[in-house]
Each structure stands twice: as C-alpha cells, then as structure tokens.
Amino acid sequence: MPHNVILVGFMGAGKSSVGRIVARRLGRCFVETDDMIVAKEGMSIPEIFATKGEPYFRELEEDVVNLLALKSGDVIATGGGLPCREGRPEMLRTLGTMAWLSGDFDVLYERALGMGQRPMLASRSRDEAEALYAARTAFYAKADLTVDTTELGPDQVAGRVMALLRSRERSPRAHTRR
Ligand code: S3P
C-alpha cells in the first residue's frame, strides 16, 4: 500500500514547512505539488496564473494528482486548491493518510499574505478570500486527521501530526484531531 502522508489546507496553513519537518523526522522524501507543476512548466506559480490563467493551472494539478499515484511512502504538501474538487479528497485518501492543517481564517490569511506571492489572494478582496476559505472547508474536512495550526508554529504542528499518525497506526479508522 502506498502509505504517503498528504498535507492539505488553506494557504498559510504551513503545509510546506510542516511537510519538510515531518519528512525529515520520518526519514521520508518530501514532495510539493506546486514544485512538480513549476518543474513541468518551467514557470513560477504566479507566472502560470498570469499568462495561462487559473483553469490551466487546475488542469496541471489534475496531471499532478495522476502522478501522485506513483508515489509511495512520501510526505506530500498539496496546493491549497488541489483537494477542492468533487471526488478529490476521496482520491487523495486512497494514496495515504490525508492530514488537514486547519486554522482560523484571520490567522491563515495574515500568514499567507506575509509569505510570497499568492495569485488566489492577489486577485481577491479579504471578504472574497474568506468566502473561498469557507467554500473549501468541506473538502479539507474529509481528511483522516486534523491539526489546528492557529496558535502553533511548524515544529509543534509537525509534532502533532506525527502523534496522530502514530495513534492512527493503532486505530486506523478513527478521524483524529488535536
Ligand atoms: C492555491 C494555493 C497555492 C498554489 C496556487 C493556488 C490555491 O499553494 O497552489 O497559488 O488555490 O489555494 P499554497 O496553498 O501552498 O499557497
């Protein structure tokens, strides 16, 4: 079984930094879906959005999801919109344990604005970004486990993810939350 750990969540949740820490601690490879897209296209994510548009970017995400089926034992950080399609969370869960890094909108929004360019935020007002967050929550909530990152740093979040992964090894069916 391809037991990957798949991190999902809104922009600013810390998927990349937490994923790197979890991968290092577990001795696994770390993969980012955005990096796979950038490598394939030879362009940054903001450039892809600016020159080809969001629908094209979502098609690239679809290709990446198909490639993820080849991964085994990796820690995978997904782009914030990748799980938010009908049937996508269920598909991701066939690839391993899906972990939602959740958090209060205000905190995630401030973090995301402070870290690099985010085309999905640059083109939206704060209220529109909050509506996007609300619309996505139902998809993220299909994860196997959830860690609320609102008041935590990446090391603490990584520690909780690992504790929940261990407890799932003992009772695999439960949805676990910290
Ligand atoms: C997106 C989030 C980004 C990146 C792209 C689209 C989104 O990744 O995939 O800009 O739709 O939320 P992060 O969640 O790592 O910022």
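Does Gly19 count as touching a Leu at 6+ places or on another chain (Cβ under 7 Å), under 16 Å from Met98 (Cα atoms) and more than 9 Å from the ligand (Cβ to nearest atom)? Taking the combined requirement at face value, the residue satisfies it.
Pairs are defined by a Cβ separation below 9 Å, a sequence spacing of at least 6 or placement on different chains, a first member in segment 81-102 that is closer than 15 Å to Val64 by Cβ and open to solvent by 30 Å² or more (accessible area, probe 1.4 Å), and a second member that is more than 16 Å from the ligand (Cβ to nearest atom) and assigned to a loop (DSSP other than H, G, I, E, B); the pairs so defined are Met91/Ala69. Please tell me if Ser167 is of a type outside the set (Lys, Arg) and either within 16 Å of the ligand (Cβ to nearest atom) or more than 30 Å from Gly73 (Cβ to Cβ) (or both). Against the criterion (of a type outside the set (Lys, Arg) and either within 16 Å of the ligand (Cβ to nearest atom) or more than 30 Å from Gly73 (Cβ to Cβ) (or both)), Ser167 does not qualify.
Against the conditions (1) under 20 Å from Leu82 (Cβ atoms); (2) open to solvent by less than 80 Å² (accessible area, probe 1.4 Å), Gly114 satisfies every one except (1).
Scanning segment 29-58 for residues that are surrounded by 18 or more Cβ atoms within 10 Å (Cβ to Cβ) and away from the ligand (no atom under 12 Å from the Cβ) gives Phe30, Val31. Only residues that are in contact (Cβ under 8 Å) with a residue 24 or more places away in the chain, more than 18 Å from Met162 (Cβ to Cβ) and not hydrophobic (A, V, I, L, M, F, W, C) were counted across segment 9-39, and they come to 4.
So for segment 122-140 (the condition being β-branched (Val, Ile, Thr) and surrounded by 20 or more Cβ atoms within 10 Å (Cβ to Cβ)), does at least one residue qualify? No, the conditions are met nowhere in segment 122-140.
All conditions but one from (1) more than 10 Å from the ligand (Cβ to nearest atom); (2) open to solvent by less than 40 Å² (accessible area, probe 1.4 Å); (3) within 18 Å of the chain's Cα centre (by Cα) apply to Ser72; the one that does not is (2).
Only one entry in Met98, Met91, Met36 is of a type in the set (A, V, I, L, M) and under 25 Å from Glu130 (Cα atoms), namely Met98.
Scan segment 84-101 residue by residue and report those that are within 13 Å of the ligand (Cβ to nearest atom), touching a Gly at 6+ places or on another chain (Cβ under 9 Å) and either part of a loop (DSSP other than H, G, I, E, B) or more than 11 Å from Arg136 (Cβ to Cβ) (or both). Of everything in segment 84-101, just one residue is within 13 Å of the ligand (Cβ to nearest atom), touching a Gly at 6+ places or on another chain (Cβ under 9 Å) and either part of a loop (DSSP other than H, G, I, E, B) or more than 11 Å from Arg136 (Cβ to Cβ) (or both), namely Leu101.
The values are calculated or read from the model by the stated rules, or taken from the named source; none is laboratory data. Keep in mind the model is a prediction, meaning the values are calculated, not measured. Because the Cβ atoms are built from the backbone with ideal geometry, glycine has one as well, and the counts that use them run over all protein chains shown. Surface areas here come from the heavy atoms of the whole protein model, side chains and all, with no ligands, DNA or RNA. Shrake-Rupley method; radii C 1.70, N 1.55, O 1.52, S 1.80 Å.
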